[in-house]
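Okay, here's the structure, questions in a sec.
What follows is calculated from the coordinates using simple rules that are stated; it is not laboratory data. As the structure is a computational prediction, the values presented were derived from the model and not from experiment. Virtual Cβ from ideal backbone geometry, glycine too; neighbours counted across all protein chains shown.
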Amino acid sequence: LAIFQEPGNMTSTSFSPVEPYYVASTSSVRLSVFDTLICEPISVYSRFKEAVFGAMFRNDGKLLVGAVRLEP
């Protein structure tokens, strides 16, 4: 059963600590933000050049950070 669809394996998930309790997930070069009430994506960020391996909401839920690993 898949509730949130991603094109590949999810590498990270993070839940917003405040309402509306969005969930962010990373998969390959994409970071998606889903509305947990309707289980639909509300934002998709896919301009990363490298694979995104982490996402985290700030404690107040007003900032979302995505991380990539850059090779020298």
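Using the Cα centre as the reference, give the magnitude of the dipole from point charges on the C-beta atoms of the chain (Lys, Arg: +1; Asp, Glu: -1; all else neutral), rounded to the nearest 20 debye.
240
Take Q5 and V68, extend 7 Å from each Cα along the Cα→Cβ direction, and tell me the distance between the two endpoints in nm.
2.5
Work out from phi, with θ = phi - 60° and the Karplus expression 6.51 cos²θ - 1.76 cosθ + 1.60, the ³J(HN,Hα) of each residue of segment 22-38, listed in order in whole Hz, and give x for Gly and Pro.
So the J values, rounded to whole Hz, are 5, 10, 10, 9, 10, 7, 6, 9, 10, 10, 10, 10, 10, 7, 6, 7, 10.
Oh, and also: Which one, A51, L63, S14, projects farthest toward the positive side of the charge dipole computed for the chain from Cβ point charges (K/R +1, D/E -1)?
Of the options given, the answer is A51.
Please state the shape class of the chain: rounded when a/c is under 1.5, otherwise prolate if a/b exceeds b/c and oblate if not, all from the C-alpha gyration tensor.
It is oblate, given that a/c is not under 1.5 and a/b is not larger than b/c.
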